[in-house]
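One structure below.
The values are calculated or read from the model by the stated rules, or taken from the named source; none is laboratory data. Predicted model only: the values in this text are computed from it and were never measured. Quick reminder, even Gly has a Cβ in these numbers, built from the backbone with ideal geometry, and neighbours come from all protein chains shown.
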Amino acid sequence: MRIAIITHTRRGSRGGNRVTALRWAGLLRRAGHRVTIGQYWRGDATDVLVALHATHSAAELERYHAAHPAGPSVLVLTGTDVYVDLPAAGGHLPALELATHLVALNPCVLDAIPAVYRARASVITQSARAVDGGPPDPERFEVLVAGHLRRIKDPFLAPRAARLLPETSRLLVTHVGGALDEAMRRLAEKESERNPRYRWLGERPRREVLERLDRARALVVTSVNEGGPGVVTEALACTTPILSTRIPAAEGLLGADYPGFFGVGEVGELARALGRIENDPAFLDVLRARCAALRASVDPAREQRDLERLLEGLTLPAD
């Protein structure tokens, strides 16, 4: 099958949509499909168009369906689509009307979209492979924050929480992820200079990020909202313990009863959680065991089967 994957993120980007596009392309090529990735659909011979992000891909879906009225298309719903753009548009976006199939990266997304779209929607949880990052730093209790400096990710909540820990704490918050504007860059640099428990490393190669995630004592997710946080999937593959805001995407991946949640924006709750994982090895082991139990859910073979099942359900137009 000839598959065109459309993502607004440029080539070389380490953004989540680009990572998903590359991973899907690899899985689909291994299954024997011919796959291209681009920011635009250029009218190439295509059996199915796969678009990531409803707002940014709407024009490409419109062009594709104008040329192929009966052609199948798949729209992958992002967190911005579901929790920002869709509510702002009163529950209707042109891309959701155009796409013949919708994919949610998290089961909780189905509850967040209008019922009229759910019959066309399926869930494909993201997958990841573990890497060996080596042993943790014996001198510091290092936790990792991984993600671009965006307001929706509340990127400075972790260093603010780290400031609240007692002087005896060995905690270090390492943050990897690019600054999308100069103001955020200046804030990260200032926090790194003034807070001995925080260091911002900026954009780093993907392999390095995964190695850092594997050897971190824990991953800290501070997002206000997400559609399907890939870094949580990657932490599960490494069985790295996770502290996360209690948001629908995290609950969908970790379970509503996961003991490592804290409230959105709650710096005090996060500080207490950081102190607990540093000083209570039994609690850290509980988090690690819960993550290890979920490891099979992020197996790439499972994601490939789900993709194949999606393609099998498409109706291709007759020649």
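Key figures
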{"quantity": "Residues of segment 158-184 that turn out to be closer than 11 Å to PRO196 by Cα and of a type in the set (Lys, Arg), as a count", "calculated": "2"}
{"quantity": "Residue among ASP299, ASP306 that is under 25 Å from GLY133 (Cα atoms) and in contact (Cβ under 8 Å) with a residue 60 or more places away in the chain", "calculated": "ASP299"}
{"quantity": "Output for segment 263-308, where each listed residue is among the small types (Gly, Ala, Ser) and either surrounded by 17 or more Cβ atoms within 10 Å (Cβ to Cβ) or assigned to a helix (DSSP H, G or I) (or both)", "calculated": "GLY268, ALA271, ALA273, GLY275, ALA282, ALA289, ALA292, ALA293, ALA296, SER297, ALA301"}
{"quantity": "Residue that is within 22 Å of LEU253 (Cα to Cα) and not hydroxyl-bearing (Ser, Thr, Tyr), where the choices are ALA162, ALA146", "calculated": "ALA146"}
{"quantity": "Given (1) modelled with pLDDT of 95 or more; (2) surrounded by fewer than 22 Cβ atoms within 10 Å (Cβ to Cβ); (3) not small (Gly, Ala, Ser), index of the condition PRO248 fails", "calculated": "(1)"}
{"quantity": "Selected residue (only one of ALA104, ALA161, ALA146 is assigned by TED's automatic domain parsing to the domain that holds ALA59, touching a helix residue (DSSP H, G or I) at 6+ places or on another chain (Cβ under 6 Å) and surrounded by 18 or more Cβ atoms within 10 Å (Cβ to Cβ))", "calculated": "ALA104"}
{"quantity": "Residue in segment 196-250 that is farthest from VAL286 (Cα to Cα), counting only those that are in contact with a Cys (Cβ under 7 Å, 6 or more places away or on another chain) and of a type in the set (A, V, I, L, M)", "calculated": "ALA249"}
{"quantity": "Flag for ASP111 being of a type in the set (Asp, Glu), surrounded by fewer than 22 Cβ atoms within 10 Å (Cβ to Cβ), out of contact with any His (no Cβ under 9 Å at 6 or more places or on another chain) and at pLDDT 90 or above", "calculated": "no"}
{"quantity": "Residue in segment 39-49 that is of a type in the set (Lys, Arg), out of contact with any Pro (no Cβ under 6 Å at 6 or more places or on another chain), free of Cβ contacts under 8 Å to residues at least 24 places away in the same chain and over 20 Å from ILE124 (Cβ atoms) present", "calculated": "yes"}
